[in-house]
Amino acid sequence: MQDTELFQLSGLTAVLLLVGFYAITFLMSLTIRQKNENVDGYMVSNNAIGFGLSAASMIATWIWAASFYASASAGYRYGVSGPIHYGLWGALMILFIYPFGRRFRQLAPKAHTLAEVMHARHGRSSQLIMAVSNLVGSCISLMVNFTAAGALVSILSPLSFVQGVLIAAAGVLSYTIWSGFRASVMTDFAQLAAMIVSAVVIIPIIFFNVGGTEMLAANMSALTEQQADFFSSEAFLRQGAPYFVAVLAYAIGNQTIAQRLFAVREDLIKPTFISATIGYGAIVIGLGMLGLLALFIGLEPANGNLNNIIPQMASAYLPPFAIGLFFILVVGSLSSTADSDLSALSAIVMTDIYGKNLAKGRPDPARMLFWGRMTMVVATMVGVIFASLRMDILVMLVFVGALWGAIVFPVIMSFYWDRITNRAFTSAVVSAVALFTLVRFELIPLQGAPAVLFELLASVGGGVVIGLMAFGFFGKTAGLVLGALAMAVLAPFSIGFLRDYVVLLSSLTAYGVSAIVCVAVSLRSSERFDFGLLNERVVAFQHDAAEAVPAPRAAGKALRQKDAVRAASEKVSSQTL
């Protein structure tokens, strides 16, 4: 492989492809630009997107640079089962949200962010936890996508890594800033079509050019026993299981998914998410096989960076026209996710920072849009700066997803159990993040009693993961029974074992600790929450492009009085009981 000459596009060709791609998407966004933009349309398209656009947008958003690069890294590291572990669990992430998503929409049909609903459910501290976690997560996602752009451009053209990052960043910002989420959804449809066509052409060409089935048969002996095993325990424990746990947290914690959940028509949630699950899994597993092919032929990643595997395979084994298609494939994938991150970040700042805090619930739509657009500019600059760090994409994904595991149980249960309080939510998340950090970075020795304690907490976390999934699809009884069985089965096997798999141990610890603390603190409270309040408190910011609908002072005062009377009545009732 080292003797294979790598083909590069000319600098002019690369620039023309990039400029042409972003010029087309920019012109598309101008067709839906409104002179007097509606803030609700800018953030969630007024909660009325149809099936086709919604499903395509979900697939395109999650078939991003990491879907290619990290799936290929999994295949290169762990062999035949690597891409399956990435693509299958990533698809499950999309499916996992829909049963809970229907509950979210039922209670707060006009929501813009999950943090906004947490504000209505609990208060400011819970809202800020959700908002800050999403700000960090989306900035990391931007960094990952811009990193992928730089790696692509630097390998497939004479342009430098930094030049690739800057062009991609400027291109994505140029079309997203005008119409926000609506521009992201519309361009996602076109980008997905381009990605599918490119993938259908590219994958077979590379497969046959590296030698096809004869090459696979001849080089199978070069794989280790674990890499050749389709049911590799090493692949499951170091890649599959940590990613499985991480992506469930992405499903609940990530604003890009929540934004599409709040944007699609409520009656289309189920078919949209099921279609996106199938589409994502099929495409990503196929693209991840390029990493497996690289393992078979003995490819050495340029500069030791696994993010370079797919660009190297394309450069070495594709004819020039197909390299151009591949170029568009990756640019489209990273752009479809980067514009979603910008839309998510702007919605968080517009709703949770400005609308609910700085504007005290009476936001000015024009100023709100200004905050949203400035957020996109600043976020793009931050993403470009941090892209220069060139971190490993797979490691970053697992880390952020595991960190988000601290909020999964408190968020979901806040929509079903009326006893969960703001104190329970906040203390659960803070405790889980603290212990996750101790384990993930091995700040304390994972030996003796501390290791056993964390392994038992991780067993609880495993039960929480299984229980939540069963609860979402089969109901409360199935969730409780299967969750308890999972804890009982995992506990004896985890002791003395999980300490050798720090990523998985830390991820499950976050789930377990957050659930234990959340339940314990909630049971000490006698408060009860009326879920009907969510629909009253979470409303549209604007009825149309000209009429703002922040609650007038009188209406806001009446609503606060109504809440006070209701709370007093509930307090008297609880005391009587």
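Condition test on residue 465, is it open to solvent by less than 10 Å² (accessible area, probe 1.4 Å), closer than 30 Å to residue 368 by Cβ, in contact with a helix residue (DSSP H, G or I) (Cβ under 7 Å, 6 or more places away or on another chain) and of a type in the set (Val, Ile, Thr)? In short, no. The lone criterion from (1) open to solvent by 40 Å² or more (accessible area, probe 1.4 Å); (2) at pLDDT 85 or above left unmet by residue 230 is number (2).
Within the group 168, 183, 217, which residue is among the hydrophobic types (A, V, I, L, M, F, W, C), at pLDDT 85 or above and out of contact with any helix residue (DSSP H, G or I) (no Cβ under 9 Å at 6 or more places or on another chain)? First the steps, then the outcome.
Values: 168 fails: out of contact with any helix residue (DSSP H, G or I) (no Cβ under 9 Å at 6 or more places or on another chain); 183 fails: out of contact with any helix residue (DSSP H, G or I) (no Cβ under 9 Å at 6 or more places or on another chain).
The conditions single out 217.
Would you point out which residue out of 520, 510, 515 is modelled with pLDDT of 95 or more, in a helix (DSSP H, G or I) and crowded, with 16+ Cβ neighbours inside 10 Å?
On the way: 520 fails: crowded, with 16+ Cβ neighbours inside 10 Å; 510 fails: modelled with pLDDT of 95 or more.
Result: 515 is the single residue among 520, 510, 515 that is modelled with pLDDT of 95 or more, in a helix (DSSP H, G or I) and crowded, with 16+ Cβ neighbours inside 10 Å.
Region 29-127 holds helices (runs of 4 or more DSSP H) entirely within its bounds, and those carrying 2 or more residues that are under 30 Å from residue 164 (Cα atoms) and in contact (Cβ under 8 Å) with a residue 60 or more places away in the chain map to 39-44, 51-62, 65-78, 82-107. Scan region 335-376 for residues that are under 24 Å from residue 190 (Cα atoms) and of a type in the set (A, V, I, L, M) and report the count. Total meeting the criteria: 6. Can you find even one residue in region 447-456 that is modelled with pLDDT under 95 and polar (S, T, N, Q)? Within region 447-456, one or more residues are modelled with pLDDT under 95 and polar (S, T, N, Q). When 77, 121, 105 are checked against the criterion of being open to solvent by 20 Å² or more (accessible area, probe 1.4 Å) and modelled with pLDDT of 85 or more, a single residue qualifies: 77. The set of residues in region 336-374 that are in contact with an Asp or Glu (Cβ under 7 Å, 6 or more places away or on another chain), farther than 13 Å from residue 255 by Cα and open to solvent by less than 10 Å² (accessible area, probe 1.4 Å) contains only 336.
Within region 140-179, the set of residues being in contact with a Leu (Cβ under 8 Å, 6 or more places away or on another chain) and outside any helix (DSSP H, G or I) comprises 157 only. Of everything in region 159-194 that is over 21 Å from residue 345 (Cβ atoms) and of a type in the set (Phe, Trp, Tyr), the residue that is most open to solvent (accessible area, probe 1.4 Å) is 189. Scanning for something assigned to a helix (DSSP H, G or I) and modelled with pLDDT of 85 or more, does region 239-253 turn up at least one residue? Within region 239-253 (the criterion being assigned to a helix (DSSP H, G or I) and modelled with pLDDT of 85 or more), the answer is no, since none of the residues qualifies. Is region 320-335 home to any residue that is under 30 Å from residue 541 (Cβ atoms), open to solvent by less than 40 Å² (accessible area, probe 1.4 Å) and touching a helix residue (DSSP H, G or I) at 6+ places or on another chain (Cβ under 9 Å)? Checked against the condition, which is being under 30 Å from residue 541 (Cβ atoms), open to solvent by less than 40 Å² (accessible area, probe 1.4 Å) and touching a helix residue (DSSP H, G or I) at 6+ places or on another chain (Cβ under 9 Å), region 320-335 yields at least one hit. Scanning region 523-545 for residues that are more than 28 Å from the chain's Cα centre (by Cα), farther than 13 Å from residue 107 by Cβ, of a type in the set (A, V, I, L, M, F, W, C) and surrounded by 13 or more Cβ atoms within 10 Å (Cβ to Cβ) turns up just one, 545. The set of residues from region 237-276 being of a type in the set (Lys, Arg), more than 20 Å from residue 469 (Cβ to Cβ) and surrounded by fewer than 24 Cβ atoms within 10 Å (Cβ to Cβ) comprises 238, 265. Mind listing just one residue for me: the one in region 195-218 that is crowded, with 20+ Cβ neighbours inside 10 Å and hydrophobic (A, V, I, L, M, F, W, C) and, of those, farthest from the chain's Cα centre (by Cα)? Top of the filtered list is 210. Just one of (1) modelled with pLDDT of 85 or more; (2) under 19 Å from residue 63 (Cα atoms) fails for residue 197. It is (1).
Yes or no: residue 156 open to solvent by 10 Å² or more (accessible area, probe 1.4 Å) and closer than 17 Å to residue 335 by Cβ?
Details: open to solvent by 10 Å² or more (accessible area, probe 1.4 Å): no; closer than 17 Å to residue 335 by Cβ: yes.
No, not satisfied.
The single condition among (1) assigned to a helix (DSSP H, G or I); (2) in contact (Cβ under 8 Å) with a residue 12 or more places away in the chain that residue 363 does not satisfy is (1). Whenever a residue of region 322-341 is touching a residue at least 60 places away in the same chain (Cβ under 8 Å) and under 17 Å from residue 170 (Cα atoms), it has no partner that is open to solvent by 10 Å² or more (accessible area, probe 1.4 Å) and of a type in the set (D, E, K, R) lying with C-beta atoms less than 6 angstrom away and at least six residues away or across chains. Taken over region 282-306, the criterion of being open to solvent by 10 Å² or more (accessible area, probe 1.4 Å) and either within 12 Å of residue 62 (Cα to Cα) or touching a strand residue (DSSP E or B) at 6+ places or on another chain (Cβ under 8 Å) (or both) is satisfied by 283 alone.
The values are calculated or read from the model by the stated rules, or taken from the named source; none is laboratory data. Everything numeric in this text was worked out from a predicted model, so none of it was measured. Counting neighbours? That spans all protein chains shown, and the Cβs are built from the backbone with ideal geometry, glycine included. The protein model used for the area step is the full one, side chains on, heavy atoms only, and it has no ligands, DNA or RNA in it. Shrake-Rupley method; radii C 1.70, N 1.55, O 1.52, S 1.80 Å.
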